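Have a look at the structure below, then the notes.
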Amino acid sequence: MDPLIPTAYETEDSFLYALSSNAAWAGYKAHQNPKFFPIWLGCSDSRCPETTLLGLQPGDVFVHRNIANLVCATDINTAAVIEYAVAHLRVAHVVLCGHTACGGAIAALGGQRVGGVLDTWLAPLRGLVVGHEAELAELPMDEGGGDGSGSGAGARVRRLVELNVKAGVDVLMANVVVTEAVRERGLQVHGCLFDLASGRVRDLGVGTSAGKGVNGVRGGVVRGKHAELVFRGGGGATMAAR
Amino acid sequence: MVNSRVGTRLLQSLIRPIPRTRLLSTPNLPTPRNASSSSSTPTPQPSSQTRHTSTWRDMAENDITKYLRQTHNRVFEHNKAWAADKKAKDPEFFAKLSAGQNPEYLWIGCSDSRIPAEQITGLEPGDAFVHRNIANLVCNTDLNVMSVIAYAVAHLKVKHIVVCGHYGCGGVKAAMTAKDLGILNPWLRNIRDVYRLHERELDVIADETARYDRLVELNVLEQCRNVIKSASVQQSYAKNKFPIVHGWVFGFHDGLLKDLEIDFEAMLREIQKIYNLTEN
Ligand SMILES: [Zn+2]
Ligand SMILES: [Zn+2]
């Protein structure tokens, strides 16, 4: 059997589930009420499917994914997504999520030319590397303390990803559409980190929740229950899992 | 072994019609049918799409919140079961994920919440590198999407690139509105350009929905062409005979994917007359 095919057969049930739940959610969509769903800004990395790690279903989350979940003020692609979701769909939450062992962060730390358009795209990450050179240099690249040839599971990559999420949230908070929505209708902006090794999502305590935690939820959030972080916010959207 | 039929076979395996009985008896189906009977939440019958919709329209805000909470609980139960199942079948599942990615697919789709790539295709975490933007556009000057394509092709060596649009796309509709939409203008302009390229064909479609549906299809075809115009795709194909580019359209009313059956080789030859970037 072709190695590409089994995936489809093995997951037939989940596909049927997706379709059936899709039909069920048609009612939800017919009464589209975007205050219940967030916009997800994440990495294109194949290991970070937002619906799976959030425990969400079709219709729950508006999505933009790019290399290393970069948010740049002048990137029209991301700007159009934010404008559409925040100003037109009026979502209640913006979630920017980075992840451990991110290939974009590893490339930025490598210092080598990646080629083509990628070097220009990764420039903001390289800017963070330059700006936090001393701090990053003290952290191990790999778990064993290697120098960058491995999987990038070490604290240096993780720290750069955190810095990148924080920088991205700052750009989001400076976006005029976001600023107005925060002021006028309590839009919430979150920055978080997905740990591939554990499947856990950690709130980085930046954005609108800076300094006060996210609605009292702090530290490691168990997969699936992450939706609490997203949904328990203002506007009475209490879609808590419990 | 990579050929243009692999993607099609995956697609065919996914679009087999689902027996209605099976669909309705799916235990995890998140409809309110199993909700507490003491609840005052209306219970729409999922067998009738129309009735479903009108019931929902009549729902009070309060009832919707309650319904959504109940529905959501079931969603989380499903997710917990899924995660436990994954771990039971393969205790190393998450450890392997963190070791690296080796996806076969690059998925370029719409940001629309109703089109989650993984669930539509049944692909698992690790199978598809994903980019989603408004109306699944691939613009030459957009470093965002061009970086995604370059990384997926040159570094991850994906075998298939799927551009997936969907009928009823809000982005496509917004693009054809006679209105200044600010920062959305430069993005949505690309769709107006697709219309202009196919003006004659589109103008004669009298029914508005049918015309938009066709524009959605033509937009996917044009974005496939744009993917093929990229240096990374042309150079990789010349060397490796992959990736193959596919154009699909998803209809969330019936849950089916339509393969626009692009002749990849022919499209490549056609664009290379002008856009050839094979030599580096
Ligand atoms: Zn990444
Ligand atoms: Zn769309």
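FYI, it's all coordinate maths here, none of it is from the lab. No experiment lies behind these values; they were computed from the predicted model shown. Cβ: placed from backbone, ideal geometry, glycine included. Neighbour counts: every protein chain shown.
For the cross-link pairs B:Lys96/B:Lys258; B:Lys179/B:Lys258; B:Lys96/B:Lys157; B:Lys241/B:Lys273; B:Lys157/B:Lys239, the ones whose C-alpha atoms lie over 23 Å apart are B:Lys96/B:Lys258; B:Lys179/B:Lys258.
Along its three principal directions, the equivalent ellipsoid of region B:115-174 from the Cα gyration tensor extends over semi-axes of 21, 17, 8 Å, largest first. Positive contributions from Lys and Arg (+1) and negative ones from Asp and Glu (-1), summed over other residues with Cβ under 13 Å from the Cβ of A:Val176, come out at -2.
Here the residues B:Ser232, A:Ser198, ranked from fewest to most Cβ neighbours within 10 Å of their Cβ, fall in the order A:Ser198, B:Ser232.
Normalised radius of gyration for region B:211-272, please: alpha carbon Rg relative to 2.2 N^0.38 Å, two decimal places.
On the way: Rg = 13.1 Å, N = 62, 2.2 N^0.38 = 10.6 Å.
The value comes to 1.24.
Shielding value for A:111-121 is 5, the average number of Cβ atoms from other chains within 10 Å of each residue's Cβ.
As a proxy for reagent exposure, B:Asp193, B:Asp142, A:Asp142 were ordered by neighbouring Cβ count within 10 angstrom, fewest first; the result is B:Asp193, A:Asp142, B:Asp142. Evaluated on region B:101-271, the Kirkwood hydrodynamic radius is 16.3 Å, with distances taken between all distinct Cα atoms.
Remark: B:Leu256, B:Leu277, B:Leu156 ranked as B:Leu277, B:Leu256, B:Leu156, counting other beta-carbon atoms within 10 Å and listing the fewest first.
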